[in-house]
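The structure under discussion appears below in the form of structure tokens.
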Amino acid sequence: MRAKNVAILESRLGAQLVELVAQRGGVPFHAPALAELPDLDPAQIASLVASLEAQPAKLAVFQTGVGTRALFAATDALALSEKLLALLQQMVVVARGPKPGGALRARGVRIDRSAADPFTTHEVLQAIADVPLAGVRAIVQRHGTVNVELDRALEARGASVVEIPTYRWSLPADTAPLASLIGALERGEMQAVVLTNAEQVRNLFAVARSLGRADALRVALNRTLVASIGPVASAALREAGVEVGLESRPPKLGALLSSLDEALS
């Protein structure tokens, strides 16, 4: 990717990704497209733990590492972590991927089922296909938005789903870099765009719509190499009418950058 302009929309690991692109000789253009805002209500968490003592759940699904850590940080502050850990011992505990798995293991939580690569909702549901759910209470650690697909699938099998919000996704406070990126894409100044989250796609188009340039953005992206971290981000791109130039396998930053480097070379 030497001397190629590469747009990066990642927020949390954005600085790291910028550095990695620069190390490979690329010219990074950083336009964070996502803000992660805390969405934990201590009173709600305390109420949840109390309700689980009164009406135990049989299934617990943890979707993200950051959300899992935030949940335990909240129960630590409430002196409820031991109760939560004891309650989890009675449940089938599911980790969506290695990040929530690592956060759970750090707390000594037994993991009964782990979603397979590429760690999407489909793999979560496959991992629990044989778990009886009729009349079961299930808790789901929410990522940035409600996982409607997962909740509906669990409910269709008879489960009563309780979402645990830990953080929510939003547009960044400063959307000027995204507006600048849209202009650069329209002018053909970017050789590649790196998407690491489906919500980045939606937020990029939300900014474009606010500027009256959504159609122009779609055209611009379709003449640019669009690199996706995995199937969830790719689905959001296709839903927006954007062709996916490459999809990382496995869905990790290192593999994504190696594929991008090869494609641009």
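The values are calculated or read from the model by the stated rules, or taken from the named source; none is laboratory data. For clarity, every value in this text was computed on a predicted model and none was experimentally measured. For neighbour counting, all protein chains shown are included, and Cβ atoms are generated from backbone atoms with ideal geometry for every residue, glycine included.
The criterion of being without any contact (Cβ under 8 Å) to a residue 40 or more places away in the chain and not in a helix (DSSP H, G or I) does not hold for residue 183.
Looking at 24, 69, 2, 107, just one residue is touching an Asp or Glu at 6+ places or on another chain (Cβ under 7 Å) and surrounded by fewer than 20 Cβ atoms within 10 Å (Cβ to Cβ), and that residue is 24.
Each row is one residue, and each column tells you yes or no for (1) out of contact with any helix residue (DSSP H, G or I) (no Cβ under 7 Å at 6 or more places or on another chain); (2) closer than 30 Å to residue 40 by Cβ; (3) among the aromatic types (Phe, Trp, Tyr).
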| position | (1), (2), (3) |
| --- | --- |
| 128 | yes, yes, no |
| 136 | yes, yes, no |
| 180 | yes, no, no |
| 199 | yes, yes, no |
| 205 | no, yes, yes |
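Going residue by residue through region 147-158, is there one that turns out to be surrounded by fewer than 16 Cβ atoms within 10 Å (Cβ to Cβ) and among the β-branched types (Val, Ile, Thr)? Scanning region 147-158, I find at least one residue that is surrounded by fewer than 16 Cβ atoms within 10 Å (Cβ to Cβ) and among the β-branched types (Val, Ile, Thr), so the answer is yes. Of all residues in region 186-198, those being free of Cβ contacts under 8 Å to residues at least 40 places away in the same chain and either part of a helix (DSSP H, G or I) or of a type in the set (Asp, Glu) (or both) number 2. Of the strands (runs of 3 or more DSSP E) lying entirely inside region 1-115, the ones with 3 or more residues being of a type in the set (A, V, I, L, M) are found at 5-8, 59-62, 92-95.
Identify, please: which residue in region 116-126 is of a type in the set (S, T, N, Q) and part of a helix (DSSP H, G or I) and is, among those, nearest to residue 40 (Cα to Cα)? Within region 116-126, the match that is nearest to residue 40 (Cα to Cα) is 121. In region 146-161, of all residues being at pLDDT below 95 and not in a helix (DSSP H, G or I), the one that is farthest from residue 232 (Cα to Cα) corresponds to 146. Number of residues in region 129-143 that are assigned to a loop (DSSP other than H, G, I, E, B), in contact (Cβ under 8 Å) with a residue 40 or more places away in the chain and more than 12 Å from residue 58 (Cα to Cα) equals 2.
With respect to the conditions (1) surrounded by fewer than 15 Cβ atoms within 10 Å (Cβ to Cβ); (2) free of Cβ contacts under 8 Å to residues at least 24 places away in the same chain, residue 115 lacks only one, and its number is (1).
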